[in-house]
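What follows is a set of notes on a single structure, which appears directly below.
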Amino acid sequence: MNPLRLVRARPGAPFTVTFDGREIEALPGQTLAAVLWSAGVTAWRSTRGDGRPRGVFCGIGVCFDCLVTVDGRPNQRACLVPAAPGADVRTQEGTGHDA
Amino acid sequence: MPERSPVLAVIGAGPAGLAATLAAAGRGVRVVLVDSAAEPGGQFYRQPARGLGARRPKALHHQWRTWRRLRTGLDARLAAGQVTYLSEHHVWCVERESPGFTVHALLGPEQRESVALRADGVLLATGGYERVLPFPGWTLPGVVTAGGAQALLKGGLVLPGRTVVVAGTGPLLLPVATGLAAAGAKVAALVESADPRAFAHRARSLVGAPAKLVEGAGHAARLGWHGVPLRVRHTVLEAHGTERLESVTISALDSEGRPVPGSERRVLCDTLAVSHGLLPHTDLADGLGCGLDGVTVRVDEEQRTDVPGVWAAGEATGIGGAALSLAEGHIAGRSAAARLRGTTPDPGAWASAARTRTRLRAFFAALDGAYAPAARWVERVTDGTVVCRCEEVTAGAVRAAVGSLGAGDLRTVKLLTRAGMGWCQGRMCEPGVAGVAGCAPAPARRLLARPVPLGVLAEPADPPPPQ
């Protein structure tokens, strides 16, 4: 069983986004967090202080742990932002403004 | 000036907000339903994104008939022009004007631009979010809130990993575990710190809501059906891994809440879904000057807050689940519609909802007592454990602030350590920091309910004139 089968989903045409330059597949409507999880990616930020990896924690936009850089714009909450075709998603280092 | 219908802004489109909208619409007020998500439903009735084409979304949900009734009702009132529904509006402030209110909302998901709308009354149905108490390893990727795992499953049709441990305490753990298992995850264990005997002690209050008990028994039966081992009076001592979660150590608890020596064991998993109950979203209420009782918005029999023209319903007024939220939302909506037209409502019109409210409040008060986080959890938070996730403040730093620097309250701990000053504004860490510091949790008093770009604050949007 998988979630798509459970609800008998017929998703629209898949598309790709890139994560740190690697192409990964996305389904229409999925948030970036969902797309990254589907690809087995669980971390996409390193903390400002200790450089520790972080990903989704609260999943509903409250905790800000899942911040990521999208198309050059840092501090996007991956759990809220829908994936767009061709989006350039990159691991956010610290504040995302250092690079 | 022509006579116009009063406008009621309902903030939040979960069960409470939808019930309030349906109750108020068509009763002489215009309802503007404002919600941050792309689709109505809130967390409880979160729907798969449209593009995913789910033909059987009810497989992920409970009380589906109630959802159909709410959704059909909303559609009918939208079609009749009685309700305006504003999705992807993240409300960051509600201002009191004289008369009325201005609701400020950032347009999502980008949240760079703000809009303002005028209302004569405001109904806060802002819901809740999860409380997670810290433990060693809880910042590792792969450790998620139980509700977060459920949100990504319901909304994005994805699983957090292959092998999941569900842990903590509270009525949310059972449906999350059964939901993840039904969707294909291997749930290696459900670890609940509560002692089943605590429920027996509260049996009198708990039998007052037989439907809820049957619902719980149904989840428990499905747990067995999926072969999920249930470990009550157990806790997760530590999450292990380097770059991501690899396993957890669980342990039995004695009657004092201490780990039973020799009962520890490792459970391999790539996901830990953890929850220690829910907390209400009270920032908007607090900003309006509504009185709080502890961490919940204080309301009267009509769900009125102590600020005239402001009602509150659902989890914001006390955690009690979807059925209680529906009852409170209904009462609040009926009261608001009558009061905004300058009439006195007849409580007889909502007698059935009021009875439900009484029964479920008693039920959840009893449940809340039984589902207590493991006692002595603070003792297991090592000095090296990060307690404030945003600012990376360790338990050791918090203890030093209290011990050698003499901080006696949360505010001083925050000023000395930065715990609670980060992006989440203390929403995630406050219970943990308070516990580690040994201070009473204090209402956070957040001026803005969410981060707002400086440009928006510099040039606030003007509300359109009333039509």
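The values are calculated or read from the model by the stated rules, or taken from the named source; none is laboratory data. The structure displayed is predicted, hence computed values, not measured ones. In this analysis, Cβ positions are derived from the backbone assuming ideal geometry, glycine residues included, and neighbour counts consider all displayed protein chains.
I'd like the full set of residues that are of a type in the set (Gly, Ala, Ser) and either more than 7 Å from chain B (Cβ to nearest Cβ) or surrounded by 19 or more Cβ atoms within 10 Å (Cβ to Cβ) (or both), limited to the range A:46-59. So that I can check it myself, show each step before the final result.
Residues of the range A:46-59 that are of a type in the set (Gly, Ala, Ser), as a first pass: A:46, A:49, A:51, A:55, A:59.
The answer is A:Ser46, A:Gly51, A:Gly55, A:Gly59.
Scan B:Gly14, B:Gly42 and give me the residue that is on the phi > 0 side of the Ramachandran plot, at pLDDT 95 or above and surrounded by 23 or more Cβ atoms within 10 Å (Cβ to Cβ).
Working: B:Gly14 fails: on the phi > 0 side of the Ramachandran plot.
Of B:Gly14, B:Gly42, the one residue that is on the phi > 0 side of the Ramachandran plot, at pLDDT 95 or above and surrounded by 23 or more Cβ atoms within 10 Å (Cβ to Cβ) is B:Gly42.
Condition check: in contact (Cβ under 8 Å) with a residue 60 or more places away in the chain, out of contact with any strand residue (DSSP E or B) (no Cβ under 8 Å at 6 or more places or on another chain) and surrounded by fewer than 22 Cβ atoms within 10 Å (Cβ to Cβ). Does B:Asp409 satisfy that?
Values: in contact (Cβ under 8 Å) with a residue 60 or more places away in the chain: no; out of contact with any strand residue (DSSP E or B) (no Cβ under 8 Å at 6 or more places or on another chain): yes; surrounded by fewer than 22 Cβ atoms within 10 Å (Cβ to Cβ): yes.
Taking the combined requirement at face value, the residue does not satisfy it.
Show the residue pairs that are 6+ apart or on different chains and have beta-carbon atoms under 7 Å apart, the first residue being within the range B:40-65 and closer than 12 Å to B:Ala151 by Cβ and in contact (Cβ under 8 Å) with a residue 24 or more places away in the chain, the second being part of a loop (DSSP other than H, G, I, E, B) and among the aliphatic types (A, V, I, L, M).
B:Gly41/B:Ala13; B:Gly42/B:Ala13; B:Gln43/A:Ile60; B:Pro48/A:Val7; B:Pro48/B:Leu157; B:Leu60/A:Val7
All but one of (1) surrounded by fewer than 18 Cβ atoms within 10 Å (Cβ to Cβ); (2) at pLDDT below 95; (3) more than 10 Å from every other protein chain (Cβ to nearest Cβ) hold for A:Met1, so report the exception by its number.
Going through the list (1) surrounded by fewer than 18 Cβ atoms within 10 Å (Cβ to Cβ); (2) at pLDDT below 95; (3) more than 10 Å from every other protein chain (Cβ to nearest Cβ), A:Met1 breaks only (3).
Would you kindly identify the strands (runs of 3 or more DSSP E) lying entirely within the range B:211-268 that contain at least 2 residues that are of a type in the set (Lys, Arg)? Before you say what the answer is, go through the steps one by one.
On the way: elements: B:230-232, B:234-241, B:245-252, B:265-268.
It comes to B:265-268.
Pull out all pairs, ordered by first then second residue, where Cβ-Cβ is under 7 Å, the residues are six or more apart or on different chains, the first lies in the range B:333-344 and is surrounded by fewer than 19 Cβ atoms within 10 Å (Cβ to Cβ), and the second is assigned to a loop (DSSP other than H, G, I, E, B).
B:Arg341/B:Pro6; B:Arg341/B:Gly28
Filter the range B:160-180 down to the residues that are within 9 Å of chain A (Cβ to nearest Cβ) and surrounded by fewer than 24 Cβ atoms within 10 Å (Cβ to Cβ) and list them by number. I'd like the intermediate steps shown before the answer.
Kept after step one, since they are within 9 Å of chain A (Cβ to nearest Cβ), are these residues of the range B:160-180: B:160-161.
B:Gly161 - this is the single residue of the range B:160-180 that is within 9 Å of chain A (Cβ to nearest Cβ) and surrounded by fewer than 24 Cβ atoms within 10 Å (Cβ to Cβ).
Among what's in the range B:135-154 and is in contact (Cβ under 8 Å) with a residue 24 or more places away in the chain and in a helix (DSSP H, G or I), pick the residue that is farthest from B:Arg265 (Cα to Cα).
Taking the range B:135-154 and keeping what is in contact (Cβ under 8 Å) with a residue 24 or more places away in the chain, we get B:135-151, B:153-154.
Now narrow it down to the ones that are in a helix (DSSP H, G or I): B:146-151, B:153-154.
Working: B:Ala146: 22, B:Gly147: 25, B:Gly148: 26, B:Ala149: 24, B:Gln150: 26, B:Ala151: 29, B:Leu153: 29, B:Lys154: 31 Å.
The residue in question is B:Lys154.
List every residue pair whose Cβ atoms lie under 6 Å apart, where the two residues are 6 or more positions apart in sequence or sit on different chains, the first residue falls within the range B:307-328 and is among the hydroxyl-bearing types (Ser, Thr, Tyr), and the second residue, located anywhere, is in a loop (DSSP other than H, G, I, E, B).
What qualifies is B:Thr317/B:Val299.
When both residues are 6+ apart or on different chains and their Cβ atoms are under 7 Å apart, which pairs have a first residue that lies in the range B:274-302 and is at pLDDT 95 or above, and a second that is of a type in the set (Lys, Arg) and in a strand (DSSP E or B)?
B:Leu288/B:Arg96
Please tell me if B:Asp120 is over 29 Å from B:Pro431 (Cα atoms), more than 14 Å from every other protein chain (Cβ to nearest Cβ) and either touching a Phe, Trp or Tyr at 6+ places or on another chain (Cβ under 9 Å) or buried (at least 23 other Cβ atoms within 10 Å of the Cβ) (or both). Walk me through how you get there before you give the answer.
Working: over 29 Å from B:Pro431 (Cα atoms): yes; more than 14 Å from every other protein chain (Cβ to nearest Cβ): yes; either touching a Phe, Trp or Tyr at 6+ places or on another chain (Cβ under 9 Å) or buried (at least 23 other Cβ atoms within 10 Å of the Cβ) (or both): yes.
Yes; evaluated as a whole, the condition is true for this residue.
Taking the residues in the range B:60-105 that are small (Gly, Ala, Ser) and in a helix (DSSP H, G or I) as candidates, determine which candidate is surrounded by the fewest Cβ atoms within 10 Å (Cβ to Cβ). Quick ask: steps written out before the conclusion?
Initial filter on the range B:60-105 (small (Gly, Ala, Ser)): B:73, B:76, B:79-81, B:87, B:98, B:100, B:105.
Restricting the remaining residues to those that are in a helix (DSSP H, G or I) gives B:73, B:76, B:79.
On the way: B:Gly73: 17, B:Ala76: 14, B:Ala79: 9.
If we take residues in the range B:60-105 being small (Gly, Ala, Ser) and in a helix (DSSP H, G or I), then B:Ala79 is surrounded by the fewest Cβ atoms within 10 Å (Cβ to Cβ).
Matching residues to (1) surrounded by 23 or more Cβ atoms within 10 Å (Cβ to Cβ); (2) under 27 Å from B:His240 (Cβ atoms):
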{"site": "B:Ala372", "(1), (2)": "no, yes"}
{"site": "B:Val378", "(1), (2)": "no, yes"}
{"site": "B:Val386", "(1), (2)": "yes, yes"}
{"site": "B:Arg399", "(1), (2)": "no, yes"}
{"site": "B:Lys414", "(1), (2)": "yes, no"}
{"site": "B:Ala440", "(1), (2)": "no, no"}
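How many residues, within the range B:256-277, are surrounded by 22 or more Cβ atoms within 10 Å (Cβ to Cβ) and among the hydrophobic types (A, V, I, L, M, F, W, C)?
4
Look at the range A:22-45 and say how many of its residues are more than 7 Å from every other protein chain (Cβ to nearest Cβ) and touching a residue at least 12 places away in the same chain (Cβ under 8 Å).
10
Just to be sure, is B:Arg355 modelled with pLDDT of 90 or more and over 25 Å from B:Glu192 (Cα atoms)?
Yes; evaluated as a whole, the condition is true for this residue.
Among the numbered criteria (1) touching a Pro at 6+ places or on another chain (Cβ under 7 Å); (2) closer than 30 Å to A:Cys63 by Cα; (3) not hydrophobic (A, V, I, L, M, F, W, C), which one does B:Asp368 miss?
If we test B:Asp368 against (1) touching a Pro at 6+ places or on another chain (Cβ under 7 Å); (2) closer than 30 Å to A:Cys63 by Cα; (3) not hydrophobic (A, V, I, L, M, F, W, C), just (1) comes out false.
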